[in-house]
1. Where both residues lie in the chain, what percent of DSSP beta bridges are antiparallel, nearest 5?
2. Among 74, 248, 153, determine the one that fluctuates most according to a GNM of the chain built with springs between C-alpha atoms less than 10 Å apart.
3. If the elastic network links every pair of Cα atoms under 10 Å, which of 121, 269, 217 fluctuates the most in the Gaussian network model of the chain?
4. ³J(HN,Hα) across segment 91-97 via Karplus (A = 6.51, B = -1.76, C = 1.60, θ = phi - 60°), whole Hz, x for Gly/Pro?
5. Can you give me the P(r) profile for segment 185-318? Cα pairs, bins 5 angstrom wide beginning at 0, each as a whole percent.
6. Residues of the chain: accessible area per residue at 1.4 Å, in Å²?
7. Carbon and sulfur atoms: what percent of the 1.4 Å accessible area of the chain do they account for?
8. Between residue 238 and residue 180, how many nm apart are label points set 7 Å from Cα along the C-beta direction?
Amino acid sequence: MAGKTNLNLPKYSVVAPVYNEIDCVQEFNKQVSAAMKTLHESWELVLVDDGSTDGSTNAIREIAKRDAHVRPVIFARNFGHQIAVTAGLDYARGDAVIIIDADLQDPPAVMLDLIEKWREGFEVVYAVRRKREGESWFKMFTASLFYRLIYRITDVKIPLDTGDFRLLDRKVVDVMGQMRERHRFLRGMAAWVGYNQVGVEYDRKERFAGKTKYPFGKMLKLALNAITSFSYFPLQLATYIGFISAGISILAIPIVAALRLSNQVALLGQATTLIAVLFLGGVQLITLGILGEYVGRIYDESKGRPLYIVSEAPDKNK
Ligand code: UDP
Ligand code: MG
């Protein structure tokens, strides 16, 4: 028994964040339409404009005018990829929601494979990168390292080599909608929710046009968010290092005393003292910095600001 407002809700929502993708959006819209049409079911495409400055905003408006499937959500400024996807999830109305990049690195045809698994009863279907084309070895190396590090030190088992390209069941989207943390790592959040999850392999393509909007600095930020959102390990590091250096010094005291008394080796004081002081000073500053990362995040959360500001968007429930 669908309620009055639910009558025309689409079955599938495709959510794509767009930041300065003027040369991609048209083609992206075309390829998504081509893939979704083969299903003969209702669908919508939520395009979130993340404060583009290259005319993508207007392009999205134009596309939405022509294509009734498109639901444009336009941000007041750039809020970042993870927040843009979050807004997309907030505005998506489908029973199954697919997150996909707008640069065609994630081929829209793969969405059909994700949907197939959803029909089999899985609530989260994530796309695993088998191959990555056209990316620098540096990006592949750091990404691979990042996924493995996260896997080791976090409490949530986040699947390896998996980006945000995935399908989420309505149940999962609703739970994630309640998780309003500011420094977001959506892959981790989706893994945290639970339910039945499964991976589908695919080959990640080259960008259709344009350059990556994820330079090293942003990747590092995302990595820090991932770690701090799902692990206390960096905070515990101070305790471990503290125990180790205390242990070493307790061992060293009798050794140094014995050497001095036997007059065999004269340990020259200044250099060793300096090294010890610099080492401990360095370790203390690093752990202070780590503490700062967490405190800064607590501060951000405590302000309770909205996650994003839209300048144009459809009514959430219609
Ligand atoms: N993106 C965004 N806001 C940003 C950066 C990126 O909405 O601040 C979008 C971008 O338009 C693309 C997706 O997020 O659709 C993935 O970004 P990108 O392709 O640059 O990342 P990469 O694939 O190189 O990791
Ligand atoms: Mg990309």
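1. Values: 10 of 34 bridges.
Of those bridges, close to 30 percent are antiparallel.
2. 248
3. Highest fluctuation among the options: 269.
4. 8, 6, 10, x, 6, 10, 10
5. 2, 6, 9, 11, 12, 12, 11, 9, 7, 6, 5, 4, 3, 2, 1, 1, 0, 0
6. Working: 17320 Å² over 318 residues.
Accessible surface, normalised per residue, equals 54 Å².
7. Working: 10630 of 17320 Å².
Whole-percent figure for carbon plus sulfur exposure: 61.
8. Computed distance between label sites residue 238 and residue 180 equals 3.0 nm.
The values are calculated or read from the model by the stated rules, or taken from the named source; none is laboratory data. Keep in mind that what you see is a predicted model, and the values were worked out from it rather than measured. Methodologically, a virtual Cβ is constructed for each residue, glycine included, from the backbone with ideal geometry; neighbour enumeration extends over all protein chains shown. Each accessible area value is taken on the protein alone, full model and side chains, heavy atoms only, with ligands, DNA and RNA left out. Shrake-Rupley method; radii C 1.70, N 1.55, O 1.52, S 1.80 Å.
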